[in-house]
Each structure stands twice: as structure tokens, then as C-alpha cells.
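Notes for the one structure printed next.
Please treat every number below as a calculation from the coordinates, not as lab data. Just so it is clear, the structure is predicted and the values come from calculations on it, not from any experiment. All Cβ positions, even for glycine, are placed from backbone atoms using ideal geometry, and neighbour counts span all protein chains on display.
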2 protein chains.
Amino acid sequence: MNEKPTPTRGRPKTLDRDQVLQAALMEYWSKGPRDVSISDICGLTGTSKPGVYREFGSDDGLKASVLETYHRLAILPLIDILEKDQSTIDAIDALISFMTQDRTNLGVPQGCLFVMMRAEAQQLGPSTCAKLHEVRRQLLDAYEAWITCSKSRGDFADIPTDVAALFMDAQHGGAMRMQREGVPNDTVVSVLGTALRMLVLGEKPDVITH
Amino acid sequence: MNEKPTPTRGRPKTLDRDQVLQAALMEYWSKGPRDVSISDICGLTGTSKPGVYREFGSDDGLKASVLETYHRLAILPLIDILEKDQSTIDAIDALISFMTQDRTNLGVPQGCLFVMMRAEAQQLGPSTCAKLHEVRRQLLDAYEAWITCSKSRGDFADIPTDVAALFMDAQHGGAMRMQREGVPNDTVVSVLGTALRMLVLGEKPDVITH
DNA sequence: ACCTTTTCGTACCTCTAATTACATTAAGCA
DNA sequence: TGCTTAATGTAATTAGAGGTACGAAAAGGT
């Protein structure tokens with residue numbers, strides 16, 4: 001609906017929206033969304049503060065846009081794993097692999113911006129909070145759909161679907177926090193494996209054979 | 001070692017250390033440690049800012065002292081449950097009951113200050129961080145001791161002790177966050193029951209019969 | 001009474017955050 | 001060559017944080 005009509009008049013735009021979004025994403029992700037100021041982002045991108053405000057409206061607007069970017073970058077791939085047609089145990093292994101990818105090699109910070117934002121939601125603006133709830137709901141729905149599907153195959157433990165979804169969400173959050181607290185990746189893999197394999201019928205709670 | 005010699009000279013002290021600690025505790029706990037300023041606490045307790053600085057040295061000092069208070073109030077009772085001589089399943093039920101107590105009736109905020117501080121550790125001062133690590137270590141040690149003990153009774157699943165301890169810590173954190181996100185208490189009980197009962201040999205992953 | 005000790009609290013300092021007023025610049029169009 | 005449009009960025013504003021300088025107050029000792 002809001003297609004930019006590419007106006008031919010006026011001074012040409014030099015502010016690179018994507019560059020700002022990328023820089024802000026990495027800063028928020030690595031330092032925490034509340035520990036990065038608009039000025040920081042301006043300094044990093046060589047843009048001016050009014051430029052950022054013109055583009056995003058406010059701190060809240062920028063954070064909401066960054067969360068949307070993060071959603072595409074890191075949450076949708078998670079949901080894709082859940083929606084892919086594969087065995088329950090394969091999905092779990094894929095989830096664990098995805099969550100515990102080697103971040104340093106990927107040039108990506110430890111932890112999860114979505115998880116961090118949820119922890120600091122109290123101090124985020126209304127747009128960011130709304131987006132946060134939306135992403136949370138979408139993720140929980142994806143978990144529930146996946147669980148329902150697994151149950152229909154008879155692979156899944158006898159746990160209420162909503163409870164199991166919250167459990168999985170909690171494990172994801174826990175893993176992301178362990179990552180940030182410096183717990184070794186192998187250990188995070190073990191904890192996640194322990195937690196998630198428990199959900200599968202016929203699986204022993206052994207350490208994942210990665 | 002630092003026993004106050006109760007000096008008989010000089011203007012008598014009017015600042016009530018415990019009152020400040022209690023007020024700060026409740027504010028940090030309910031609003032998050034980073035969203036409460038020294039001025040807020042002064043306003044709540046009727047003390048002056050220099051008074052607080054004289055007593056606690058700095059923001060960091062106050063937060064560290066509050067964490068110590070919180071440790072006595074809410075972490076040691078948790079550790080006591082682990083150290084009590086009872087069956088594995090009884091301990092788990094006790095843990096779940098303790099974590100999911102009705103906070104509104106107790107006049108105590110939702111969630112856990114220790115968990116919140118860990119999430120914001122990056123921005124806390126050195127004393128608070130040190131205390132945070134100390135409490136974390138103490139809690140993990142208590143989990144590990146309890147797990148070892150349970151294993152020796154043959155009640156516990158075949159999971160490495162350190163991994164199981166991190167798992168339990170993650171469940172605690174997850175439950176505290178769900179509480180703060182407004183998940184109904186019954187649901188939190190179910191999720192915790194699902195998670196922790198999985199650790200017990202011979203228990204079915206049913207919803208807790210509370 | 002006066003000195004010493006200890007605590008008190010007002011008023012200030014310094015910084016940094018978010019946000020904006022406004023003059024300027026760079027384009028197309030007449 | 002101007003006029004219009006739409007973007008630009010410097011420099012300010014406002015608010016609130018952590019922290020402190022310093023003179024006054026309240027006690028005991030002499």
C-alpha cells in the first residue's frame with residue numbers, strides 16, 4: 001500500500017535505510033537494545049540524528065523496525081524448521097543445530113535479540129512491544145502446530161500442546177541466555193538435547209551424538 | 001570483622017539502612033533494577049541522595065547490597081529445599097510450589113530479581129556482577145549436590161550432573177520470566193512440572209496433580 | 001560555653017539520552 | 001534564472017541520571 005512513488009523532485013535521499021537497520025541490529029544484538037543510543041547508531045553509520053528520526057520516527061520506531069528485520073533474519077528460519085516436513089527427532093536436531101550455530105564464524109553476536117527484547121519489554125516503546133507480542137504469538141503458534149503434527153504421528157509425549165509450546169519457548173530462551181553468559185556451546189547443545197529429546201517418545205535422555 | 005563500634009560521639013544516624021534496602025528491593029524487583037534510580041529510592045524512603053551514597057557508596061554498591069538481601073530472602077530458601085533430606089520427587093514438587101507461590105497474596109512482585117539481574121548483568125557495576133556470579137555459582141552447586149544425591153538413590157535420569165544443573169537453572173529462569181510475562185500460574189506449574197519431572201526416573205510426564 | 005565528631009540534606013555539577021528548530025543544499029521544473 | 005520540493009545536518013532543548021561540595025545540625029566531651 002505504501003509504495004514509495006520515487007519522487008523525482010527535491011534533494012535526493014542519501015540516508016541508507018538498510019545500512020542503518022543493519023548497524024542498529026548488530027549493535028542491539030551484541031550490546032542489548034537498551035544500551036545503544038540513537039547517537040551510537042549515527043556515529044556508526046555516518047548519518048545524522050534528524051536523518052534517523054525522519055526515517056524511523058523515534059527510538060521506538062527504529063527498534064520496532066530492527067525487530068522486524070531480526071524476525072526475518074533469525075525467527076523465520078526457526079519457524080521454517082518447524083514447518084518443514086521431517087520427523088520429530090530430525091526437527092529437534094535441526095532446531096538445536098540452528099540455535100547453537102557457531103556465532104563467531106558467522107560474524108553474528110551470541111544470544112537472541114528477540115529474547116533480549118522480551119526481557120526488557122517493560123522499557124520498550126509501544127510499537128516495539130506490539131511487534132514483540134506479534135512475533136511471540138507467531139512463534140508459539142508455530143511450536144503448537146509442530147507439536148500437534150508430531151502428536152498426530154504418535155512421536156510426541158503426552159503433554160498439553162500449549163504447555164509443550166511454552167516449554168520449547170523456555171528452552172530456546174534458556175539456550176540463548178546460556179550462550180550470552182558464556183556457557184560453552186557443547187554444554188548448551190547438551191542441555192537443549194536433554195530438554196527437547198525428552199519430548200519425543202522412544203528417545204532416551206542421552207547427550208546428543210553430534 | 002567490620003563490626004560497627006556504635007560511636008557515641010557525633011550526630012545520631014537517622015538513615016534506616018534496612019528501610020532503604022527493603023524499598024530498593026521491592027522497586028528493583030517490580031520494575032527491574034535498571035529502571036529505578038537512586039532518586040526514586042530517596043523519594044520512596046524520604047532519605048537524601050547523599051545519605052544513600054554515604055551508606056552504600058554508589059549505585060553499584062546499593063544494587064549489590066540489595067542482591068545480598070534478595071539472596072537471603074529468595075535464593076537461600078530455594079537452596080534449603082534442595083538440601084532438605086527428602087525424596088527426589090518431593091523436592092521437585094517443593095521447588096515448583098516455591099517458585100509458583102501466589103505472589104499477589106504475599107505482597108511480592110512476580111518474577112525473580114536474581115534472574116532479572118542476570119539478564120541485565122552487562123550494565124551492572126562490578127560489585128553487583130561479582131555478587132551475581134557468587135549467587136549463581138552457589139545455586140548451581142546446590143543443584144549439582146542435589147542431583148548427585150538423587151543419582152545415588154537411583155531416582156535420577158542418566159544426564160551429566162552439570163548439564164542437569166544448568167537445565168534446572170534454565171527452568172527456574174524460564175518460570176520466572178513466564179510469570180513476568182503474565183502466563184497464568186497454573187500454566188507455569190504445568191511447564192515446570194513437565195520439565196522437572198522428566199528428570200525423575202519412573203515418573204510419567206503428566207501434568208502435576210496439584 | 002565551646003570544641004570535636006559525625007551525620008544531615010540542599011543545591012549543585014557533569015553527562016548522556018531523546019528529540020527538534022531551523023537554516024542549508026540539491027535536485028526538477030517553468 | 002529563479003521557484004518549488006524534499007531532503008540534508010548543525011546546534012540547540014529538555015529531561016533525568018549518577019554523583020558531590022559544603023554548610024548546618026546534633027550529639028558527646030572538656
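General remarks:
- Helical segments meeting 15 Å axial Cα length and Kyte-Doolittle 0.0 threshold in chain B (DSSP H): B:88-99, B:185-197
- Working value for segment B:101-196: equivalent-ellipsoid semi-axes of 24, 21, 11 Å, each the square root of 5 times a Cα gyration tensor eigenvalue, largest first.
- Shown here for segment B:135-183: trypsin sites (Lys or Arg not before Pro) in loop regions (DSSP other than H, G, I, E, B) with at most 10 other Cβ atoms within 10 Å, of which there are none.
- Chain B, relative contact order [Cα under 8 Å, separation at least 6], %: 21 percent
- Each semi-axis of the equivalent ellipsoid for segment A:15-62 is √(5λ) with λ an eigenvalue of the Cα gyration tensor; in descending order they amount to 15, 11, 9 Å.
- Each copy carries a label point for residue A:37 at 7 Å from Cα along the beta-carbon vector; from one copy to the others these points are 1.4 nm apart, nearest first.
- The orientation-averaged projected area of the convex hull spanned by the Cα atoms of chain B comes to 13.8 nm².
- Relative to one another, the C-alpha centroids of segment A:104-156 and segment A:32-100 are positioned 11 Å apart.
- Inter-label distance, nm, simple model (7 Å from Cα along the C-beta direction), residue A:148/residue A:69: 3.4 nm
- Using just its DSSP H runs of length 4 or more, each adding -39500 (n - 2.57), chain B gives a mean residue ellipticity at 222 nm of -20500 deg cm²/dmol after division by all residues.
- Ranking of B:17, A:72 by count of other Cβ atoms within 10 Å, fewest first: A:72, B:17
- Counted over the protein assembly as shown with a bin width of 10 Å, the fraction of Cα pairs per bin, in whole percents, is 4, 20, 28, 25, 14, 7, 2, 0, 0.
- Within straight-line cross-link reach of residue B:63, aspartates and glutamates at Cα separation under 17 Å, skipping those fewer than 8 residues along the same chain: B:16, B:18, B:27, B:35, B:40, B:55, B:120, B:134
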